[in-house]
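A short write-up of the structure that comes next.
The values are calculated or read from the model by the stated rules, or taken from the named source; none is laboratory data. Since this is a predicted model, take the numbers as computed values, not measurements. To get the accessible areas, we keep the full protein, side chains included, count just its heavy atoms, and leave off ligands, DNA and RNA. Shrake-Rupley method; radii C 1.70, N 1.55, O 1.52, S 1.80 Å.
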Amino acid sequence: MIRGAEREQAILSATYQLLGEIGYAAMTMDAVAARAQASKATIYRRWPGKPALVKAAMDAHDAEYVADIPDTGTTRGDLIAALLALTAQVDDHYVTMMTGVMHAMRVDTELADALCEHVADEDLGPFRTIVDRAIARGELPEGTETELAHQVSEGQIMRRMFLGEPLDRAFLADLVDELLLPILTRSFATKEDRS
């Protein structure tokens, strides 16, 4: 029998899986309970409803992803590695999850508030970790802001995802070189300067 943190992880994993399989609208607390082999009472003791549970599942997933960001020794290398790991997750399940929650946010204000809080949490994106490493290496100054880089990367990746364009290494390298590094360093070089 699973208990405590292990049970919580099973519930969050089940929630994330179901979001990708059937989408937000079709996902029920009964389905989560069955998948996680937990009671609905256990779920409701920890999360007051579906929006809070979905936010917690997405928070846990993103925190795990951020914890696994490789340290390549350079800011550029770390950014590319983090974005490669992120875009490797963009499959049919991910698209089902994202389109489902984005649609549901339009009619469910509680879900909209929860997911806006999720998206705005800089600690759940890779940039704070990467920038902290870069500061420690002397590549970036103390106080380097990450919010704009976070927003730009998400916007570019989501755009290509919905257009069905490839999220390949060439795109990610251009995203890092043309936008993210200039944003983080506040210096906009020409292509010739980077050659």
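Can you pull the Kirkwood radius for the chain, inverse mean 1/r over Cα pairs, to one decimal in Å? Don't skip to the answer; put the middle values down first.
On the way: mean 1/r = 0.0551 Å⁻¹.
By the Kirkwood definition, the hydrodynamic radius is 18.1 Å.
Keeping all protein chains in the complex and leaving out DNA, RNA and ligands, what accessible area do you get for Tyr94 with a 1.4 Å probe, in Å² to the nearest 10?
Its heavy atoms expose roughly 50 Å² to the probe.
Using C-alpha positions alone, give me the convex hull volume of the stretch 36-121 per residue in cubic angstrom. Intermediate values should be presented prior to the final figure.
Working: hull volume 10.5 nm³, N = 86.
Spread over its residues, the Cα hull of the stretch 36-121 gives 122 Å³ apiece.
What do you reckon, how do Asp78, Asp123 stack up by accessible area (1.4 Å probe), largest on top? The partial results should precede the final answer.
Details: Asp78 0, Asp123 105 Å².
Reading off the accessible areas and sorting them downward yields Asp123, Asp78.
Give me the percent of the accessible area of the chain that comes from carbon and sulfur atoms, probe 1.4 Å, all protein chains in place.
Ligands and nucleic acids excluded, carbon and sulfur reach 53 percent.
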